[in-house]
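Report on the following structure.
The values are calculated or read from the model by the stated rules, or taken from the named source; none is laboratory data. For clarity, every value in this text was computed on a predicted model and none was experimentally measured. As a convention, Cβ positions derive from the backbone with ideal geometry for all residues, glycine included, and neighbour counts pool all protein chains shown.
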Amino acid sequence: MIAHKVMEKKERAADKPPPFSKRAYYIAAAKEGNEKLDHLWIVNANAGTELEDLDLAVKEVMAAHSLNTRSKADKTYHLVVSFAAGEKPGLEALKDVERNFARALGFEDHPCVAGTHDNTDHYHIHIAYSKIHPEKLTIHEPKQDFKALARTCREMEKKYGLQPGIKQDKDPIERLLTPKARDYEATTWEASTERKILEHRERLAETFGKAKTWAQLQDLAAKEGLAFAKRGNGLALLTLKGGKGIKASTLGRNFSRKALEEKLGAFEPSRHTSPSKMSWFDRLRPSKRLPGMGPMWRQYATMRGRQAKAPSLVGTLYRNWKTFLYADALNDPLAMALIMTHRGMLDLLLGTDAQRSANRSSRAAANAVAEAPKPKASETTILVDQGTAPYRHKEGAPETYFVTIRTGDQSPATIWGKDLARAIAAGRVKPGDPISISLDQEKAAFDTSIRQAGARMRGRNIWRISKVTVRGMDRGADR
């Protein structure tokens, strides 16, 4: 069991935290039946306690927020409580878990919206607490909430026989990561900036320990693309680009603000505002290095590099390593193997039965997947139609080509491109064939937004289309 506060990004337009209503409606989002939301309940609201009472409850909370005009802080506390894979407590137990966290954080009298989501690897509760007291209209900020969250997790694990949280012995850096960094890595399967810095903490501590003045220390940090900066009553070591980082004391007790000021005098901010060159922590890196993943990772990193220079639809869809692997899993056994291994490691991290996960390796998984039956027809991409496009995006423009595809039960999607005619001929495919389609070595994915006549992809598109064998389809079509 793991609990962490969600650090919300400020809304760009108003430079302020998103309102309670945005968090509440995110929790309740169930656009496709029961696919995402499992249970939802409301606490300490006069409007009611059920999903149908949500609109009135949100208005009630927002009204209280509007009456507190003094505080400019975020008036919502967004908490996520995750369970180990395979664990799904009953509704009454879930409500009791929420009550205990509310009590530990000091929100027992405050309104909240809680909902459970079951569309990920690990069942979890989202809880949005209103920080504004419904009667006093004062704001409550939990102090040292991370301690209260950890203590409550241990209590709930013991009470309900749940798997314990982070197995810190599996990854020595894991215990030093903040919940935000762990959440990022679980979502993307990419190394967080915190992890990259922590992996170099011994070298950095040795280098920074040579400084005799604040100016020397800040100059040494700037060579690494970092800077020491005040954060509350303490000190942080942050990246010059992006402002992400760790508590300075994580490098060692000699790097606390008190220790450094005793050695170097009163704090002096860095005179460096941007890195002079690309830093080692700017480079994309997977959170776990696994056997055989090199070529696939380089393919993904190359795509991300192109995306940074010239944004494209494909690059937008494959926004991280995890989505890239899932998109390629049907046609590439290694991608499926890497997914299996990542999920096994995530299970270990969250406390899943080690006997089930500990001995899984990507090489063994790759062999198993390669020998497994081919994907089912309902899971693959079918070429529906092809031909010369009946229109041109601009008068006088060269002739283009279109293909229409359908994946599983999804609606057909049409794409256009000059190179598609060559790719169809090279792949020797015809309407009705199950196909694999990729764009310049980047797996292609499509949605209804590109059906419009004006749709296009930027850059030089080189398409690769080939026929695949699929279980559950007529083999006569392959002859």
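Quick one: in the stretch 424-452, of everything that is in a helix (DSSP H, G or I) and at pLDDT below 85, which residue is farthest from Arg304 (Cα to Cα)? For the stretch 424-452, the residue satisfying everything is Ala425. Pairs, please: C-beta under 7 Å, at least 6 apart or cross-chain, first residue closer than 13 Å to Ser249 by Cα and in the stretch 193-221, second in a helix (DSSP H, G or I) and among the small types (Gly, Ala, Ser)? Listed pairs, sorted by first residue: Phe208/Ala221. On the basis of being farther than 30 Å from Met303 by Cβ, touching a helix residue (DSSP H, G or I) at 6+ places or on another chain (Cβ under 9 Å), at pLDDT below 90 and not assigned by TED's automatic domain parsing to the domain that holds Ala301, does Asn254 make the cut? No.
Identification of helices (runs of 4 or more DSSP H) wholly contained in the stretch 127-207 with 2 or more residues that are of a type in the set (Gly, Ala, Ser) yields 145-160, 179-188. Within the stretch 113-162, the residues that satisfy the criterion of being within 23 Å of the chain's Cα centre (by Cα), polar (S, T, N, Q) and either at pLDDT below 90 or surrounded by fewer than 17 Cβ atoms within 10 Å (Cβ to Cβ) (or both) are Asn119, Thr120.
Would you mind finding the one in Arg306, Arg283 that is surrounded by 13 or more Cβ atoms within 10 Å (Cβ to Cβ) and either under 22 Å from the mean Cα position of the chain (by Cα) or within 23 Å of Glu174 (Cβ to Cβ) (or both)?
Details: Arg283 fails: surrounded by 13 or more Cβ atoms within 10 Å (Cβ to Cβ).
After applying the criteria, what remains is Arg306.
Could you identify the single residue in Ala227, Ala248 that is closer than 17 Å to Ser274 by Cα and surrounded by 20 or more Cβ atoms within 10 Å (Cβ to Cβ)? Step through it out loud before you land on a result.
Working: Ala248 fails: closer than 17 Å to Ser274 by Cα.
Of the residues listed, the single one that is closer than 17 Å to Ser274 by Cα and surrounded by 20 or more Cβ atoms within 10 Å (Cβ to Cβ) is Ala227.
Counting the residues of the stretch 16-42 that are closer than 14 Å to His133 by Cβ and at pLDDT 95 or above gives 0.
If I filter the stretch 168-187 for residues that are over 26 Å from the mean Cα position of the chain (by Cα) and without any contact (Cβ under 8 Å) to a residue 24 or more places away in the chain, do I get at least one hit? Taking every residue of the stretch 168-187 in turn, none turns out to be over 26 Å from the mean Cα position of the chain (by Cα) and without any contact (Cβ under 8 Å) to a residue 24 or more places away in the chain.
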